[in-house]
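The values are calculated or read from the model by the stated rules, or taken from the named source; none is laboratory data. Please read these numbers as outputs of a predicted model, since none were measured by experiment. So basically every Cβ, Gly included, is an ideal-geometry build from the backbone, and we count neighbours across all protein chains shown. Just so you know, the surface numbers come from the protein's heavy atoms only, side chains and all, with ligands and any DNA or RNA stripped out. Shrake-Rupley method; radii C 1.70, N 1.55, O 1.52, S 1.80 Å.
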Amino acid sequence: VQLQASGGGLVQPGGSLRLSCAASGRTFSSYVKAWFRQAPGKEREFVSAITWSGGSIYYADSVKGRFTISRDNAKNTVYLQMNSLKPEDTAVYYCAAMPGGRPPSAPAAYDIWGQGTQVTVSS
């Protein structure tokens, strides 16, 4: 049972990145999937979440209108398209999964975590 995040890197302010999180070892198609991030010296914070059908999507206020979450259940993969990136978006981004029925923005609600991918926004 594993989540593998990828797609991070160094980008200039105003640029874009797309993160991917692939699940292996079991099927997570019915799970809520989410992205969190953690900057140095700060607590892990919620970024976005999506239910298994994609019918409900949640965003932190700080990323609304700039980030888009999506999922492909056939590929067991969730994506985070990040546009108009700002230096304050710099962090390690983690994907996570949970069965559902819990607050989607709470880190403690998630049972399964990926290893994280570094996103650095700097000129």
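Using a Gaussian network model of the chain with C-alpha springs under 10 Å, which one of K64, K33, K86 is most mobile by mean-square fluctuation?
K64
Determine the relative contact order of the chain: mean sequence separation of Cα pairs under 8 Å and six or more apart, normalised by residue count, in whole percent.
Relative contact order of the chain: 36 percent.
Using only protein heavy atoms and a 1.4 Å probe, report how much of Y59 is accessible, in Å² to the nearest 10.
Its accessible surface works out to 60 Å², give or take rounding.
With N residues in region 18-64, what two-decimal value do you get for its Cα radius of gyration over 2.2 N^0.38 Å?
Normalised Cα radius of gyration, region 18-64: 1.30.
May I have the count of lysine pairs in the chain with C-alpha atoms under 19 Å apart, counting pairs 8 or more residues apart or located on different chains?
Values: K33/K64; K33/K75; K42/K86; K64/K86.
Lysine pairs meeting both conditions in the chain amount to 4.
Residues in region 48-71, backbone N under 16 Å from the label point at N83 (7 Å along the Cα-to-beta-carbon vector): list them, ranges by number please.
Under cut-off, by backbone N: 63-70.
Provide the FRET efficiency to the nearest 0.05 for the S53-R18 pair, computing r from the beta carbons and using R0 = 25 Å.
Using R0 = 25 Å, I get an efficiency of 0.70.
Within region 37-88, which GluC sites (Glu not before Pro) sit in a loop by DSSP and count at most 14 neighbouring Cβ atoms inside 10 Å?
Within region 37-88, the qualifying GluC sites (Glu not before Pro) (loop, at most 14 other Cβ atoms within 10 Å) are E43.
Taking only the C-alpha atoms, wrap a convex hull around region 55-123 and report its volume per residue in Å³ as a whole number.
Convex hull of Cα atoms, per residue: 116 Å³.
Return the Cα extents of the chain along principal axes one, two and three, sorted largest first, each rounded to a whole Å.
Dimensions of the chain along the principal axes of its Cα atoms: 40, 26, 25 Å.
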